[in-house]
């Protein structure tokens with residue numbers, strides 16, 4: 001991977017205590033954002049799904065599933081910017097400009113492809129076609145969000161988070177009010193366009209206000225070079241989502257829109273609690289990158305420890321999903337959503353594996369293990385498609401949940417173990433799946449911290 005230089009002073013102060021404090025504050029803001037998204041997503045999912053019904057919510061779910069295949073574009077661009085700007089801070093303005101151009105180009109191409117497929121299948125004048133095109137089209141605005149890398153590098157995500165939370169609140173209230181007041185699913189779809197516009201533009205303006213050295217140079221050659229750089233990682237990230245989101249699209253085709261809506265609600269409720277864990281990893285990532293060059297041994301120790309903590313939290317989430325969320329969901333959603341209980345229980349089994357996968361995804365980026373990721377994820381997509389043909393016509397949403405568990409096992413455990421270059425990552429993260437040793441590690445860390453020792457000195 002591109003070797004990471006030490007972070008600039010404003011991003012990582014030299015005193016270790018100050019660095020840890022700023023990292024913790026930044027992580028706290030990102031966790032607050034993810035928790036807010038979790039809470040809003042829960043309320044919106046329950047109300048909108050209940051008001052629209054399984055069929056109309058199924059139309060919205062198909063559009064959101066296709067949109068999720070495009071969302072990694074901005075996320076991948078941000079991760080590459082964090083890595084590259086840390087490595088070459090003097091080229092920051094050119095890197096931001098090139099990243100926006102490359103992200104916009106890729107997004108536009110994929111939106112055109114989705115539009116062509118919709119026109120040839122359900123038609124652009126049908127309710128399903130309009131909803132899909134509106135929701136997917138909101139991705140065209142999101143490349144403005146690449147400037148979020150600026151806030152992440154400086155461990156100052158507070159302003160960007162406050163902007164996104166404000167937009168989230170307004171969009172969520174509007175999204176709930178529309179169906180309650182009798183508006184149809186098309187109006188709900190337009191709220192995703194408004195949310196993307198306000199959030200992306202707001203973060204962009206905050207960046208412009210704080211970046212006094214703003215002088216972007218839109219160099220087509222550099223944009224093309226960056227496109228070739230993050231292209232493989234984008235394919236890897238998108239292919240990872242294929243097996244996760246394709247189930248919802250195939251349900252509408254092999255079963256019906258009602259099953260697609262039911263599975264979308266259940267998977268949304270099962271996946272939402274994992275976002276705060278990802279926020280923790282995102283906030284710690286710049287510090288880990290800096291350690292990778294300055295202290296490789298400590299870098300591996302911190303990475304192992306972080307993985308153990310995340311997986312342990314993942315087990316707690318699994319229990320919460322099985323014993324709290326699953327029984328509660330049918331009562332909240334109302335008639336037509338009874339099967340969500342079984343679907344949530346099955347999907348909860350993937351949570352610890354996804355936590356291990358967070359480490360795998362970031363190591364893939366940092367070490368440029370793109371080929372292995374693409375092969376692994378496309379294999380999971382093929383496995384998912386084959387199982388869907390077998391299970392969806394007969395078992396509907398429950399069959400889709402079983403397919404997700406099997407495909408996740410391949411992507412996060414079996415696939416990394418089989419590939420030579422990802423096997424070290426598999427061997428490093430595998431012990432994290434055993435929860436008792438992780439609990440003992442946390443207890444030892446707590447004792448050392450109470451004794452006044454640095455937690456970084458404890459063994460992995």
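The values are calculated or read from the model by the stated rules, or taken from the named source; none is laboratory data. Just so it is clear, the model here is predicted, and its values are computed rather than measured. Don't worry about glycine lacking a Cβ; one is built from the backbone with ideal geometry, like all the others, and counts go over all protein chains shown.
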Inset, instruction - Please find, within region 265-301, the residue that is modelled with the highest pLDDT out of those that are closer than 21 Å to residue 427 by Cβ and within 23 Å of the chain's Cα centre (by Cα). - result: 288
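Have a look at 388, 377 and point out the one that is under 19 Å from the mean Cα position of the chain (by Cα) and assigned to a helix (DSSP H, G or I). First the steps, then the outcome.
Values: 388 fails: under 19 Å from the mean Cα position of the chain (by Cα).
Selected residue: 377, the only one of 388, 377 that is under 19 Å from the mean Cα position of the chain (by Cα) and assigned to a helix (DSSP H, G or I).
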Legend entry - Contacts under 6 angstrom Cβ, first residue in region 369-383 being more than 15 Å from residue 409 (Cα to Cα), partner outside any loop (DSSP other than H, G, I, E, B), 6 or more apart: 370/232; 370/233; 370/236; 374/235; 374/236; 374/239
Legend entry - Positions within region 323-336 being touching a residue at least 60 places away in the same chain (Cβ under 8 Å) and over 26 Å from the mean Cα position of the chain (by Cα), in sequence order: 334, 336
Legend entry - Single residue of region 384-401 satisfying the filter (surrounded by fewer than 19 Cβ atoms within 10 Å (Cβ to Cβ) and touching a residue at least 24 places away in the same chain (Cβ under 8 Å)) that is nearest to residue 426 (Cα to Cα): 385
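What's the total number of residues in region 118-134 that are assigned to a helix (DSSP H, G or I), surrounded by 12 or more Cβ atoms within 10 Å (Cβ to Cβ) and either free of Cβ contacts under 8 Å to residues at least 12 places away in the same chain or out of contact with any helix residue (DSSP H, G or I) (no Cβ under 7 Å at 6 or more places or on another chain) (or both)? Reasoning before the result, please.
In the first step, residues of region 118-134 are kept if they are assigned to a helix (DSSP H, G or I); the result is 118-120, 127-134.
If we keep only those that are surrounded by 12 or more Cβ atoms within 10 Å (Cβ to Cβ) too, we end up with 118-119, 127-134.
Checking which are either free of Cβ contacts under 8 Å to residues at least 12 places away in the same chain or out of contact with any helix residue (DSSP H, G or I) (no Cβ under 7 Å at 6 or more places or on another chain) (or both) leaves us with 119, 129.
The number of residues fulfilling the criteria is 2.
If you go through region 367-405 one residue at a time, how many are over 29 Å from residue 337 (Cα atoms) and in contact with a helix residue (DSSP H, G or I) (Cβ under 6 Å, 6 or more places away or on another chain)? Working first, answer last.
Residues of region 367-405 over 29 Å from residue 337 (Cα atoms): 367-379.
Remaining after also requiring in contact with a helix residue (DSSP H, G or I) (Cβ under 6 Å, 6 or more places away or on another chain): 370, 373-374, 376-378.
So the answer is 6.
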